[in-house]
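The values are calculated or read from the model by the stated rules, or taken from the named source; none is laboratory data. Note that the coordinates shown come from a computational prediction; the quantities given were computed from them, not determined experimentally. As a convention, Cβ positions derive from the backbone with ideal geometry for all residues, glycine included, and neighbour counts pool all protein chains shown. Accessible surface areas use protein heavy atoms only, side chains included; no ligands, DNA or RNA. Shrake-Rupley method; radii C 1.70, N 1.55, O 1.52, S 1.80 Å.
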Amino acid sequence: MSLDLETAAKERGIKYFLVSYTDLFGTQRAKLVPAAAIASTCRSGAGFAGFATWLDMSPADSDLLAIPDADALIQLPWRPEVGWLPADLAMDGRPVEQAPRNLLKRLIAEAADLGLAMKTGVECEFFLITADGAEPADMSDRQTKPCYDQSALMRRYDVISEICDAMLALGWKPYQNDHEDANGQFEMNWDYDDALVTADRHAFFKYMTRSIAEKHGLRATFMPKPFADLTGSGCHAHVSLWRDGRNVFADPSDPIGLSPTGYHFIGGLIHSADALAAITNPCVNSYKRINAPRTNSGATWAPNTVTYSGNNRTHMIRIPGPGRFEFRLADGAVNPYLLQAAILAAGLDGIRNHRDPGPRLDINMYTDGHTVEGLKRLPLNMLDALRALSGSAILGEALGPFVPSYLKLKNEEWNAFCQHLTQWERDTTLDC
C-alpha cells in the first residue's frame, strides 16, 4: 500500500510537494503542489507540456501527466516544509516509453522475471565553483595534487557537512566525503541499494547539492570537464546482481571473487561500450574527460579504452573486491535513471548471450595500454557515440522507443554545437 501523502503532510509538517520528473537530458522538471491538492494529483497526475522539456514530443501532443511515487517521498532537509516526489510519466492513459524512470522500471521488471535484482551505488563527483562558473571557488585550493587535501576539505566543511547531515537524516547511510583529484572537486559516498532507489537518490543528490551550495553563495557543477587542465568529474557505479538474497556475482573459487554470471554481465558492458557511451557520457563536453590529455595532477582517472581489470583504476571496469565491479565510464552529466537502465540492459544481454569479456588486463593503461594490440577504444566525440548507439541492435531492442527519441534530440544538440564558432577557430584560422 502506498504512503498516504495527505496524512504524511500533516504528520511531518509538509506544506508543498515538488512533483518531479527527469527528462532525457537529465534536467529535473517539477510542479509545486500544495499539500491540500496532493491527493488529487496522485490520482490524476501533475500536467505538463512535454514539448517544453527535453522529451521527443510536439506542441500538438496531449498533456503529459506526472504520477508521483508516494513511497519514494523525500522531505527536503534544508526546507522541511517541502516534500520531493519522483514521478512516472503517462500520456493518453499509457506510460511514456521514452521517459527515463519508466524505462528503468521496465528493465528492472525484466530482470525480476529472471529472478534477478541489480543493486548499485554511485560516486558523484562535483566541483564547487564561483557563482559565475569561472573558476573553483576556493582561491587557496592550488595544490598540484590536491586529492584528499585536509585543509581544502575543511575550508568547505559548512557545505559538505550540511549535505552529509542531510543524507544521514534521510537514512541513506553516507560513509565518506573527500576532496577529489581536481582543485575545487569533491565526492560524497552513501550506501548502495536497489537500482531504482539509487537512481532516485542520485537525482535528488544533484538537486540537493546545488541547492545547499547556493545557500552558501557557491555553485555546484557536475559538468564532466569544466576546466581543461584539471581532472574531470566521473560518476562511477558499483554494481552487483542478486537472487533470493544471494549475490550471484560472488564466487570464492575465482581468483578475484567474481562468478561466471559476473563475467558475462561485464562482457555485455564491454560488447556494447561504444554505444553505452552515448548514454553514460551524454554531452559534447563528456569526451574532453574520457579522451583528455594528462592533467595537472598527473592522470585523468578516466578510461579511454574498453578494458577491465582487478583493483586497477586505469580501466573502464575495475573489480575492487569479490562480488561486485566498478563501472568507471559514466561522468557527472549522466542521467541518473539512464545510467542504471543502460548498465542493466547491457548486462542482461551479456548474461543471456554468455558474452566473454576477454582476458583481464592488469597493466597501467595510461602508460602501457599502447603495448596491447586490438583494444577497442571509446568514442572520440559525441557524434561517434551517437552513431554507435544508432547501430546497436542490442540496445535498440532493450531500450525500445527511448533510443530513437534520444538520438533525435541528441543529434540536434550535436548540430547546434557544430554551428557554434569558437575562439580557437578564429585564433588558428583567421590567417590561413
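Okay, here's what the table says:
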quantity: Residues satisfying the stated conditions in segment 220-252, i.e. in contact with a Gly (Cβ under 6 Å, 6 or more places away or on another chain), under 25 Å from residue 127 (Cα atoms) and part of a strand (DSSP E or B); calculated: 235, 238
quantity: Number of the exception - residue 296 against (1) open to solvent by less than 10 Å² (accessible area, probe 1.4 Å); (2) assigned to a loop (DSSP other than H, G, I, E, B); calculated: (1)
quantity: Exclusive hit being farther than 22 Å from residue 21 by Cα and either touching a residue at least 60 places away in the same chain (Cβ under 8 Å) or in contact with a Pro (Cβ under 7 Å, 6 or more places away or on another chain) (or both), set 216, 236, 202; calculated: 236
quantity: Complete set of residues in segment 303-321 that are more than 13 Å from residue 273 (Cα to Cα) and in contact with a Pro (Cβ under 6 Å, 6 or more places away or on another chain); calculated: 311
quantity: Condition check for residue 48: of a type in the set (Phe, Trp, Tyr) and out of contact with any helix residue (DSSP H, G or I) (no Cβ under 9 Å at 6 or more places or on another chain); calculated: yes
quantity: Considering residues of segment 3-13 that are open to solvent by less than 60 Å² (accessible area, probe 1.4 Å) and touching a Leu at 6+ places or on another chain (Cβ under 8 Å) only, the residue farthest from residue 87 (Cα to Cα); calculated: 8
quantity: Filter result for the condition that a residue is touching an Asp or Glu at 6+ places or on another chain (Cβ under 8 Å), over 21 Å from residue 147 (Cα atoms) and buried (at least 22 other Cβ atoms within 10 Å of the Cβ), over 310, 257, 268; calculated: 268
quantity: Unique match (being touching a residue at least 60 places away in the same chain (Cβ under 8 Å), open to solvent by 20 Å² or more (accessible area, probe 1.4 Å) and either in contact with a helix residue (DSSP H, G or I) (Cβ under 7 Å, 6 or more places away or on another chain) or not in a loop (DSSP other than H, G, I, E, B) (or both)) among 24, 65, 18, 32; calculated: 18
quantity: Enumeration of residues in segment 192-219 that are at negative phi and assigned to a loop (DSSP other than H, G, I, E, B); calculated: 192, 216, 218
quantity: Criterion violated by residue 274 - all others in (1) among the charged types (D, E, K, R); (2) open to solvent by 20 Å² or more (accessible area, probe 1.4 Å); (3) in contact with a Ser or Thr (Cβ under 6 Å, 6 or more places away or on another chain) satisfied; calculated: (3)
quantity: Residue in segment 143-150 that is crowded, with 17+ Cβ neighbours inside 10 Å and assigned to a strand (DSSP E or B) present; calculated: no
quantity: Residues of segment 186-236 that turn out to be more than 18 Å from the chain's Cα centre (by Cα) and surrounded by 19 or more Cβ atoms within 10 Å (Cβ to Cβ), as a count; calculated: 5
quantity: Selection status of residue 158, assigned to a helix (DSSP H, G or I) and modelled with pLDDT of 95 or more; calculated: yes
quantity: Segment 96-139, subset assigned to a loop (DSSP other than H, G, I, E, B) and of a type in the set (D, E, K, R), residue surrounded by the fewest Cβ atoms within 10 Å (Cβ to Cβ); calculated: 132
quantity: Selection count, segment 306-338, where residues are in contact with a Ser or Thr (Cβ under 9 Å, 6 or more places away or on another chain) and outside any loop (DSSP other than H, G, I, E, B); calculated: 10
quantity: Matching residues in segment 325-351 - criterion: being over 24 Å from residue 375 (Cα atoms) and over 8 Å from the mean Cα position of the chain (by Cα); calculated: 341
quantity: Lone qualifier among 422, 428, 314 - being hydroxyl-bearing (Ser, Thr, Tyr), farther than 19 Å from residue 100 by Cβ and touching a residue at least 24 places away in the same chain (Cβ under 8 Å); calculated: 314
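Here is a yes/no grid of residues against (1) under 30 Å from residue 404 (Cβ atoms); (2) assigned to a helix (DSSP H, G or I); (3) among the β-branched types (Val, Ile, Thr):
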{"site": "3", "(1), (2), (3)": "no, no, no"}
{"site": "6", "(1), (2), (3)": "no, yes, no"}
{"site": "41", "(1), (2), (3)": "no, yes, yes"}
{"site": "55", "(1), (2), (3)": "yes, no, no"}
